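Below: the structure, in structure tokens.
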Amino acid sequence: ILGYGPELKSCVFCRKKAIPDKFFWIAGEGGLVCKNCLDKVKARIGKIDVQTLKVLRIILDRDWKTLKKLKIDLKIIQDLKAISKRYFNHIYEKR
């Protein structure tokens, strides 16, 4: 709604399509960064689990029917909380 959605489908630098296990979550850059572009990153790097990324995409696409059907592991929920907190802090600090 506010236009602060993270990039979850491609690298924020080179725009290469996200391939599982070859991308990193970097809140300070606004989403995913591929291995080839990591040298452009100054912020803390965090690897994102493929399943966590899939759930995050479902949430941000507002696909509530699919989300209700999922049995989400506690580890993924904890990862989502951490990602959300880091991303919110990044957005809030920019203000």
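The values are calculated or read from the model by the stated rules, or taken from the named source; none is laboratory data. Fair warning: this is a prediction, and the values are worked out from it, not measured in the lab. Neighbour counts run over all protein chains shown; Cβ positions are idealised from the backbone, glycine included. Please note that ligands, DNA and RNA were not included when accessible areas were found on the heavy atoms of the full protein model with its side chains. Shrake-Rupley method; radii C 1.70, N 1.55, O 1.52, S 1.80 Å.
Using helices alone, I'd like the mean residue ellipticity at 222 nm for the chain: each DSSP H run of four-plus residues gives -39500 (n - 2.57), total over residue count, nearest 500.
It lands at -12500 deg cm²/dmol.
Note down the nm distance, to one decimal, between modelled labels 7 Å out along Cα→Cβ at Lys85 and at Lys35.
A separation of 3.0 nm, rounded to one decimal place.
Please compute the contact order of the chain in relative form: average sequence separation of alpha-carbon pairs under 8 Å and at least six residues apart, divided by the residue count, as a percent.
23
Between helix 50-60 and the chain, what is the angle of the helix's C-alpha long axis to the longest principal axis, kept within 0 to 90° and rounded to the nearest 10?
80
Quantify, in whole percent, the carbon and sulfur part of the accessible surface of the chain (1.4 Å probe; protein heavy atoms only).
54
With springs only between Cα atoms under 10 Å, which of Val41, Val55, Val12 fluctuates most in a Gaussian network model of the chain?
Per the Cα network of the chain with a 10 Å cutoff, Val41 tops the list.
Using the Kirkwood radius over C-alpha pairs as Rh, can you work out the diffusion coefficient of the range 50-95 via Stokes-Einstein at 25 °C, viscosity 0.890 mPa s, in µm² per second?
214
Long-range amide H contacts for Lys16: which residues qualify at under 5 Å (H placed 1.01 Å from N, peptide plane, sequence gap of 5 or more or a different chain)?
Cys11
Could you provide, to the nearest whole Å², the per residue accessible area of the chain with probe 1.4 Å?
73
Once Rg and Dmax of the Cα atoms in Å is worked out from the coordinates, which option in [x] 13.2, 39; [y] 12.7, 34; [z] 14.9, 52 does it equal?
[x]
Angle check, please: helix 74-94 long axis (alpha carbons) against the longest principal axis of the chain (alpha carbons), in degrees 0 to 90, nearest 10.
It is inclined by approximately 50 degrees.
Expressed as a whole percent, how much of the Cα-Cα distance distribution for the range 1-40 exceeds 13 Å?
Details: 332 of 780 pairs.
That fraction is 43 percent.
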